[in-house]
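Scroll down for the structure; my scribbles are underneath it.
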């Protein structure tokens with residue numbers, strides 16, 4: 001097992017572009033699930049030059065579906081909410097990834113030690129860290145991959 | 001109050017503030033220093049001003065923020081908070097953290113009313129935010145349940161609803177900002193900024209309402225780097241959401257909440273005949289202090305014998 005980000009990163013990853021719509025992003029999430037063989041909770045966003053622009057997480061998408069006045073809904077038990085979700089999804093589909101992505105993204109260079117990557121994941125509460133070299137994203141280190149490789153060392 | 005306060009530091013760019021506003025569906029972000037203390041507020045209107053002035057998207061929030069931040073105490077009555085909002089012509093107050101809990105307790109023991117914080121003694125850290133819309137929700141619940149509501153009629157057991165009394169036309173604002181779809185984006189932006197409104201109604205060449213441009217549409221146009229010289233139709237949202245002016249206020253409120261919008265156009269007889277606009281703030285205002293039953297009970301609570 002490697003000890004640097006370069007040795008642990010996955011280089012075949014699905015990336016979004018800032019001008020992709022949420023509808024296209026959802027397709028990309030599905031593609032990433034198939035590619036990785038497991039559920040994906042966030043995708044990196046890169047520009048045409050493959051420079052890191054941001055990250056879109058499932059929470060960003062869920063946030064869009066959450067009603068603006070959800071805090072009032074609790075007070076209004078007589079409001080008929082049937083059909084709200086369809087309407088909310090219809091509105092969200094056309095929004096661009098670049099409008100809601102997080103731009104303050106934790107990143108590491110390829111030579112970063114795995115323990116530094118783990119430290120970052122714990123401190124910043126992130127499940128994936130893009131590996132950036134010369135401003136280009138060259139891979140992603142996933143917390144799940146790290147964990148399952150590391151726990152092998154814990155076996156008797 | 002809402003616990004979720006969108007906070008950004010003063011060095012963060014306008015572009016990131018726009019993203020946060022869209023992401024969390026808020027009209028303003030609280031700008032804080034390194035100690036998490038409030039230094040200002042940036043609203044969609046402030047961002048619109050930056051767009052109008054051609055400021056680059058990388059401009060830090062410190063360049064566009066408005067100060068001071070207006071706070072209230074978590075112990076303030078809703079009336080007091082509303083009064084403060086009205087006095088300062090703002091739609092939201094931040095609720096101060098109670099870091100002076102000890103001194104408040106002592107003040108209470110000495111006979112002082114711990115709920116009467118002077119704004120200057122409040123913490124500069126926000127524990128939450130209170131907006132007109134939050135108050136609209138609360139009043140909705142109280143008015144609905146209150147058997148003594150003067151709006152319910154003389155029979156306390158009556159199931160007659162508040163909506164049977166208040167109509168949209170009584171509360172709406174009669175003036176509407178209007179533009180042609182072919183007008184330039186910069187012109188629409190200028191009038192939205194100048195008139196301090198959230199929405200402009202767009203009409204086609206025949207004068208029919210065809211779309212809406214909100215402050216959200218405008219800040220997204222800014223984020224996308226759109227020039228001021230494009231036709232406004234390129235960024236307008238559709239459809240035009242409206243309600244009939246004789247419709248019960250409650251139904252309009254439900255419609256706004258359901259459609260995730262803060263204002264709705266009002267028409268007379270047919271949707272093409274727009275006569276005004278109704279906002280959640282106006283609904284909150286209409287519901288506040290209008291009920292004598294609640295006023296009486298508030299006096300009893302606030303002036304103990």
task = Quick one: in segment A:75-95, of everything that is within 8 Å of another protein chain (Cβ to nearest Cβ) and under 23 Å from residue B:21 (Cβ atoms), which residue is surrounded by the fewest Cβ atoms within 10 Å (Cβ to Cβ)?
result = A:87
request  = Please tell me if residue B:29 is over 17 Å from the mean Cα position of the chain (by Cα) and at pLDDT 90 or above.
outcome  = no
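Being in contact (Cβ under 8 Å) with a residue 40 or more places away in the chain, within 14 Å of chain A (Cβ to nearest Cβ) and touching a helix residue (DSSP H, G or I) at 6+ places or on another chain (Cβ under 9 Å) narrows it down to one residue among B:259, B:237, B:281; which is it?
That would be B:281, the only listed residue that is in contact (Cβ under 8 Å) with a residue 40 or more places away in the chain, within 14 Å of chain A (Cβ to nearest Cβ) and touching a helix residue (DSSP H, G or I) at 6+ places or on another chain (Cβ under 9 Å).
Listed here are the residues, each with its yes/no results for (1) more than 13 Å from chain A (Cβ to nearest Cβ); (2) closer than 28 Å to residue B:42 by Cβ; (3) out of contact with any helix residue (DSSP H, G or I) (no Cβ under 6 Å at 6 or more places or on another chain).
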site: B:217; (1), (2), (3): no, yes, yes
site: B:224; (1), (2), (3): no, yes, yes
site: B:242; (1), (2), (3): yes, no, yes
site: B:247; (1), (2), (3): yes, no, no
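Would you mind stating whether residue B:81 is in a helix (DSSP H, G or I), modelled with pLDDT under 95, more than 27 Å from residue A:96 (Cα to Cα) and touching a strand residue (DSSP E or B) at 6+ places or on another chain (Cβ under 6 Å)? Steps first, answer last, please.
Values: in a helix (DSSP H, G or I): yes; modelled with pLDDT under 95: yes; more than 27 Å from residue A:96 (Cα to Cα): yes; touching a strand residue (DSSP E or B) at 6+ places or on another chain (Cβ under 6 Å): yes.
Yes, satisfied.
Residues A:115, A:85, A:56, A:120: which one is in a strand (DSSP E or B) and more than 23 Å from residue B:131 (Cβ to Cβ)?
Numbers: A:115 fails: in a strand (DSSP E or B); A:85 fails: in a strand (DSSP E or B); A:120 fails: in a strand (DSSP E or B).
Going through A:115, A:85, A:56, A:120 in turn, just one is in a strand (DSSP E or B) and more than 23 Å from residue B:131 (Cβ to Cβ): A:56.
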inquiry  = I'm checking my understanding of the structure. Among residues of segment A:1-13 that are touching a strand residue (DSSP E or B) at 6+ places or on another chain (Cβ under 6 Å) and surrounded by 15 or more Cβ atoms within 10 Å (Cβ to Cβ), which one is modelled with the lowest pLDDT?
reply    = A:8
remark   = Taking segment A:22-53 and keeping only residues that are under 15 Å from the mean Cα position of the chain (by Cα) and outside any helix (DSSP H, G or I), one is left with A:38, A:39, A:40, A:41, A:42, A:43, A:44, A:45, A:46, A:52, A:53
message = Please count how many residues of segment B:218-234 are surrounded by 20 or more Cβ atoms within 10 Å (Cβ to Cβ) and closer than 23 Å to residue B:274 by Cβ.
response = 2
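Test of understanding: among B:62, B:13, which residue is at pLDDT 95 or above, within 14 Å of chain A (Cβ to nearest Cβ) and within 24 Å of the chain's Cα centre (by Cα)? Talk me through it step by step, then tell me what you get.
Numbers: B:62 fails: within 14 Å of chain A (Cβ to nearest Cβ).
Checking each option against the conditions leaves just B:13.
Please find, among A:100, A:118, the residue that is in contact with a helix residue (DSSP H, G or I) (Cβ under 8 Å, 6 or more places away or on another chain), on the phi < 0 side of the Ramachandran plot and more than 14 Å from every other protein chain (Cβ to nearest Cβ).
Values: A:100 fails: more than 14 Å from every other protein chain (Cβ to nearest Cβ).
After applying the criteria, what remains is A:118.
Look at residue A:106 and say whether it is modelled with pLDDT of 90 or more and in a loop (DSSP other than H, G, I, E, B). Before you say what the answer is, go through the steps one by one.
Working: modelled with pLDDT of 90 or more: yes; in a loop (DSSP other than H, G, I, E, B): yes.
So residue A:106 fits the description; yes.
Among the residues of segment A:129-156 satisfying the criterion of being in contact with a strand residue (DSSP E or B) (Cβ under 8 Å, 6 or more places away or on another chain) and within 12 Å of residue A:8 (Cβ to Cβ), which is surrounded by the most Cβ atoms within 10 Å (Cβ to Cβ)?
The qualifying residue surrounded by the most Cβ atoms within 10 Å (Cβ to Cβ) is A:129.
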Which listed residue is within 12 Å of chain B (Cβ to nearest Cβ), touching a residue at least 24 places away in the same chain (Cβ under 8 Å) and surrounded by fewer than 19 Cβ atoms within 10 Å (Cβ to Cβ), from A:50, A:63, A:109 = A:63
Residue list for segment B:17-43, filter: under 20 Å from residue A:66 (Cα atoms) and in contact with a strand residue (DSSP E or B) (Cβ under 9 Å, 6 or more places away or on another chain) = B:17, B:19, B:20, B:21, B:23, B:26, B:27, B:28, B:29
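So is residue B:29 surrounded by fewer than 16 Cβ atoms within 10 Å (Cβ to Cβ) and not in a helix (DSSP H, G or I) or not? Can you show your working first?
On the way: surrounded by fewer than 16 Cβ atoms within 10 Å (Cβ to Cβ): no; not in a helix (DSSP H, G or I): yes.
Against the criterion (surrounded by fewer than 16 Cβ atoms within 10 Å (Cβ to Cβ) and not in a helix (DSSP H, G or I)), residue B:29 does not qualify.
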message = Looking at segment B:3-25, can you tell me whether even one residue there is part of a loop (DSSP other than H, G, I, E, B) and under 27 Å from residue B:191 (Cβ atoms)?
response = yes
Per-region count, segment B:184-213, residues modelled with pLDDT under 95 and under 19 Å from the mean Cα position of the chain (by Cα) = 8
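Please work out which residue is nearest to the other protein chains (Cβ to nearest Cβ), limiting yourself to segment B:36-48 and to residues that are in contact (Cβ under 8 Å) with a residue 60 or more places away in the chain and outside any helix (DSSP H, G or I). Write out each step before concluding.
Filtering segment B:36-48 down to residues in contact (Cβ under 8 Å) with a residue 60 or more places away in the chain leaves B:36-38, B:44-45, B:47-48.
If we keep only those that are outside any helix (DSSP H, G or I) too, we end up with B:36-38.
On the way: B:36: 16, B:37: 20, B:38: 20 Å.
Residue satisfying both the conditions and the ranking: B:36.
The values are calculated or read from the model by the stated rules, or taken from the named source; none is laboratory data. Keep in mind that this is a model prediction, so the values were computed, not measured. All Cβ positions, glycine included, derive from the backbone under ideal geometry; neighbour counts span all protein chains shown.
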